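Written below as structure tokens is the structure these notes are about.
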Amino acid sequence: MDELINYNGYEEFKQAVNRVLNRTVEDFVLTGYLLKQARDTDILKGSGYADEKEFAWSEYKLDASQVSRYIKINDKFSEGGYSPKLQEQYQGFGYAKLALMLTLPEEVVEELTPAYSKTEIRAVKEEIEEEEKITDIEVILEGQKEEQKDLGNLEKALHQIFHDEPELYKTMHETVRTTCGIKYLQEVLAPDGDKIYSTRIQGIGRIMLYMHESKDITLHMVRSGDKEFYSWDDALSYCTMITDGEDAEKTWEEVYGEEFPKKEEIAPVQPKKRKESKVVKAKPERSGTKTADSQTNQPDAPTNKEENNEEKEENGTPRSVSIPAMEKEPKKTEEATEVKTEIPQEKHDETQIPGQTELTKDFPEYCPPDMNISEEQPEEVKGAYATRRLYISSVDADTAAEYMGKAMEKAIRNMPGVSFGVLTKESFWKEFFETEVDRNGDEIECVN
């Protein structure tokens, strides 16, 4: 029997347990290191396995994509790129976050902290991918806005952010005019201590502003990868310049030459307010003409709402999606009903002789099944994906129990060598329930 380890009291024992439970991510890095050893040395000689992939699958049921992911995580996040130890700046990130960060440029990764959720990191990734779809020629042809041509890059970014977020401008306006010092501006722009703003500047492309209360503001030009650094005093100086009028809405209109957007009416029943996302995505340019055209030619009004709801869900506010969707659905059904009552009447007037037999109504037993589908039957529409928490809440208890059993079996199988004590960690369950799944509850892979 192995010799037992002796501990000098409960506190020492508890510290030992904590060290093991906190090693979750470190174990993934170590796993990648060991797989690299199997790949790069002759350690598998005589084992009967041809390579590290065959070894990992036969012994631990890790497929080739998982092996590749472990190795890539070690390449990028271990000390020196080939070590069993995680770099200090990545302490506190979960495995899923690190796997997602593998797909991001280095200049973005170095700005992220463990405080950002996987959903927020995914939002950053989506912003970068959107800009990659636009060619350099298209950017040149856009041309810069006249009012932004003489502004510096930080001023351009803030000018566009406050244009796209008029309510944020109002809050900033009041703060700058009634307080003194950068501390209060930080509370407006980065209320939780840090925040990322993505904004698209016409003729330049996307700019990411990384804000942290204890550091200078980092400005990242997404297209070139270049970075610039500004003090919070620089930001305060520009904010002071665009808030010289007493009335916030009138001053906004003077700055941007537009009517201040009307605030949408609030529904009678509001969901519980969720934590504000740390990532603000770039907004599409507003166009009055485009809006008028869409209202004239597009009778199905909920479309734009649904797109906004999807964006909110991606930003980590999935619960706020359900209320607008439920409010609009009856209206959509009524519109559909009106159309269905008018069209058959037209057909009846033109082609149906009064008293004539209708096959589907008078002799349904002789009709094929597909001819008897009720027009009133609503068509179920499901979103492409949601968080695992929302999926579980949408199914009955038996289905949820069966699903949880299978999901946990897969999760445990993907964590070889990790203590089951990790199941007591809040961070594990938060990441588990925030994971995005498709309509069948299957996890959507971030990295191939």
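One Cα centroid belongs to the range 35-55, the other to the range 139-173; the line between them spans 55 Å. Positive end of the dipole of the range 10-103 (Cβ unit charges, origin at the Cα centre): among Trp57, Met101, Ala38, the Cα lying farthest that way belongs to Met101.
Using R0 = 45 Å, the C-beta based FRET efficiency linking Glu11 and Ile134 works out to 0.20.
The label-point distance for Asp396 and Ser237, in a model that sets each label 7 Å from Cα toward Cβ, rounds to 6.7 nm.
Listing Ser58, Ser427 from fewest to most neighbouring C-beta atoms within 10 Å gives Ser58, Ser427.
Compared with the alpha-carbon gap, the fully stretched path from Leu141 to Gln89 is longer by 14.7 nm at 0.36 nm per residue.
We did not get these values from a lab; they are worked out from the coordinates using the rules stated. What you are looking at is a predicted structure, and each value in this text was computed from that prediction instead of being measured. Neighbour counts are summed over all protein chains in view; Cβ atoms, including those assigned to glycine, are modelled from backbone coordinates with ideal geometry.
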